[in-house]
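Accompanying notes for the structure given below.
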Amino acid sequence: MSDGTSAATGRGRRWRHSWVRDGLLAWAFFTVAGAIAIHSCVTLEPSAAPPPEAVGRAMAALRATLEERPEAGLGDAARVAVPGAVRIVLWSNGLPVFRSELEPRDLGELVAQGSVGLREARQAGRFEGVNLAASRLQLSFVVAEGPVLEWPTIVAAFSFVTTLDGAALRLRDRTMRLYPDDLLRRHLYSAYIPLPGGQMKGGLDVPAVVESLWFAAHLPDESWEDQKPSLRRFRTVEYVERPGAEPAELVAGRTVNEPPRTVEDYRRTAREGVQWLSRMIRSDGRFQYDYDPLTDGPFDLGYSLPRHAGAAYFLSFAYRKTGDPTARETARKAIDYLVTKELRDCGKAPGRCVGQGGAPDAGSAALSVVAMAEYERGTNEGRYLPQLKRVLEYILWLQEPNGDFVHVYDVEHDRRSPDRLLYYSGEAALALVEAYRVLQDPALLPRIRSALDFLTKENWSFFGSAYFFGEEHWTCIASNEAFPEVQDEAYLEFCEDFAGFLRQMQTAEGERPYGFEGTYLLGPFLAPRTTPVAGRTESTVATYKLGVAMGRPNLVVLEQIRRSLSFLVRMQYRPDSSPFFSRPDLAAGGMPGGLDDPVVRIDYVQHAGNALLGGADILGDWELGPP
């Protein structure tokens, strides 16, 4: 009995151990197999594209064919291998007037096949009315291709590196492609699923991409299963013609500027932003809110008063820092609009609020005060002091006993709304500081201290607060501007912690997948964005200045600033930034939303300009190169 029980127990224990072992082995197998499958789908190992010099010779030969001149010889470049498919596009006034996709073995074959296509297009009359001298050739070399995980769709959507990967649909007898600039111009990047906060989307719109690729194949829907379609991604190296120079490489459909070499590059970039805003302001003092260079028109027909006031703030700041008369004149027009069209009485609230409608917000009022005060700091005109004092009265009334501010006031019901909006408390704190700078009213100092204490202490005193931050650039700008009258070690500590938090996301030069230093990224799923870099750099500039003022200069923060300013200089549009723009002169000086967002908006220019001018104050020429 004893032996039998023991044997049964032993068999049971061995069976249980075998089940656990087999389960672990199965888990390990599927984990490894899954990892291998994901790695094979995610990893692309690009082949080398032909070098720019050889590509330039190929473009010269194609240009000669296009203009019916004797064909230029390729020399040794004819034997330069081509790693995969090649697309030739001829752009004129922002539109593709010729497109051909080829499978050549080398540049010699590429020119021979491309020349045939160009001659046929000319004979068919496709270039009639086209200013060929002003047109630009683009060559796109496919250097890598691989599968993606097609299900679930959300996984497929995030399997593409935004702005770098094209999408292909491999069919039984052909492969259809949408190149990165095709996806960009159709707004298919960052378009699939709303991200937290609701202002942005992430992921490639895979259903729309597949539908477009299938439609382009001109096949009946009944043949879908027969064709055995598979979705793939591919990487390209793109070149565009430059008259009198080697072809320029395109990234996300545009050339990227050289990194800054001196602090004058920062100031020049900011001044070009001033010029862009001066072209966007209308006769009534209201801006064209944004500009889409792909369509040569506005992108969003809405308007934002806080962003209008923010643009006026930058223009006033630019005048104070550079003495640029265009900045002063444009700032005056923008502030005049606020004063004459948007300031009003707000029911039972004291002072004057900013904006029409029944729920004026604190942000519009706060940034209007900031703009008026900054204008006064640069001009000493006294032009807006009466209006500034009335709006300031309203902002002080919005301040709560704990130092925070009401963000929205319901005029009709005389109710201080509990709604909370991003940025507004920091903007209101800066409004108090800027007002103090021009009014020198000591009664403002305790109100400033109360606001900064709330923002840097009470507001971030909760479980888990050590592990994340909100967007605190206005808070840190206000903390720096308040020094020395209002100061606290806690303000500097808070802002340095915020800078350290951001540094964990900051990229180094050459870092994959985009290669740019100074942007803030959470993996490859979101493309580098200009405004988060600019706003956060405003914060780090203020943090460094405050540290210097308090005897604690932080050189790590200084390097963080240098990296981000390099990114901003490289992102600004120049007159020849993209062959896709029909009016490149209107885009020049503008700052796009990011690699995946070519639209220029007034606040994109504002934040970048403020960061650049602030950085020029503290970075010497010798500090501009990477360490």
message: Just to be sure before I move on: is Asp173 of a type outside the set (A, V, I, L, M, F, W, C), in a helix (DSSP H, G or I) and loosely packed, with under 15 Cβ neighbours inside 10 Å in the structure I sent?
response: no
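Every residue, every condition in (1) surrounded by fewer than 23 Cβ atoms within 10 Å (Cβ to Cβ); (2) not β-branched (Val, Ile, Thr), yes or no:
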residue	(1), (2)
Glu517	yes, yes
Phe525	yes, yes
Thr530	no, no
Thr540	no, no
Ile561	no, no
Asp585	yes, yes
Pro598	no, yes
Ala608	no, yes
query: For the range 471-513, which residues satisfy the criterion of being open to solvent by 20 Å² or more (accessible area, probe 1.4 Å) and closer than 25 Å to Arg420 by Cβ?
result: Glu471, Asn480, Glu481, Asp488, Ala490, Glu493, Asp497, Phe501, Met505
message: Condition (residue is within 30 Å of the chain's Cα centre (by Cα) and either in a helix (DSSP H, G or I) or assigned by TED's automatic domain parsing to the domain that holds Thr340 (or both)) applied to the range 433-446: is it met by at least one residue?
response: yes
- request: Considering only the range 204-221, state which residues are closer than 21 Å to Ala156 by Cα and part of a helix (DSSP H, G or I).
  value: Val206, Pro207, Ala208, Val209, Val210, Glu211, Ser212, Leu213, Trp214, Phe215, Ala216
message: For the range 60-74, which positions are of a type outside the set (A, V, I, L, M, F, W, C) and open to solvent by less than 50 Å² (accessible area, probe 1.4 Å)?
response: Arg63, Thr65
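Looking only at the range 531-538, decide whether some residue is at pLDDT 95 or above, assigned to a helix (DSSP H, G or I), within 18 Å of the chain's Cα centre (by Cα) and polar (S, T, N, Q).
Yes, that holds for at least one residue.
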message: Within the range 411-430, does at least one residue satisfy the condition of being farther than 20 Å from Ile477 by Cα, buried (at least 21 other Cβ atoms within 10 Å of the Cβ) and either within 33 Å of the chain's Cα centre (by Cα) or not acidic (Asp, Glu) (or both)?
response: no
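Can you tell me how many residues within the range 345-370 are in a loop (DSSP other than H, G, I, E, B) and crowded, with 24+ Cβ neighbours inside 10 Å?
Summing the residues that are in a loop (DSSP other than H, G, I, E, B) and crowded, with 24+ Cβ neighbours inside 10 Å in the range 345-370 gives 1.
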task: Could you give me the residue pairs with C-beta distances under 8 Å whose first residue belongs to the range 246-268 and is in the same structural domain as Val605 (by TED's automatic domain parsing) and polar (S, T, N, Q), whose second residue is open to solvent by 70 Å² or more (accessible area, probe 1.4 Å) and in a helix (DSSP H, G or I) wherever it lies, and which are 6+ apart or on separate chains?
output: Thr262/Asp621
query: Under the condition of being among the polar types (S, T, N, Q) and within 26 Å of Gly615 (Cα to Cα), which residue from the range 265-307 is surrounded by the most Cβ atoms within 10 Å (Cβ to Cβ)?
result: Thr269
Residue among Val32, Val55, Val86, Val42 that is closer than 30 Å to Val155 by Cα, touching a Pro at 6+ places or on another chain (Cβ under 8 Å) and either open to solvent by less than 50 Å² (accessible area, probe 1.4 Å) or at pLDDT below 90 (or both): Val86
query: Within the range 371-410, can you find the residues that are assigned to a loop (DSSP other than H, G, I, E, B) and surrounded by fewer than 17 Cβ atoms within 10 Å (Cβ to Cβ)?
result: Asn380, Glu381, Gly382, Arg383, Glu400, Pro401, Asn402
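The values are calculated or read from the model by the stated rules, or taken from the named source; none is laboratory data. Note that the coordinates shown come from a computational prediction; the quantities given were computed from them, not determined experimentally. Positions of Cβ are generated from backbone atoms using ideal geometry, with glycine treated the same way; all protein chains shown enter the neighbour counts. For accessibility, only protein heavy atoms count, side chains too; no ligands or nucleic acids. Shrake-Rupley method; radii C 1.70, N 1.55, O 1.52, S 1.80 Å.
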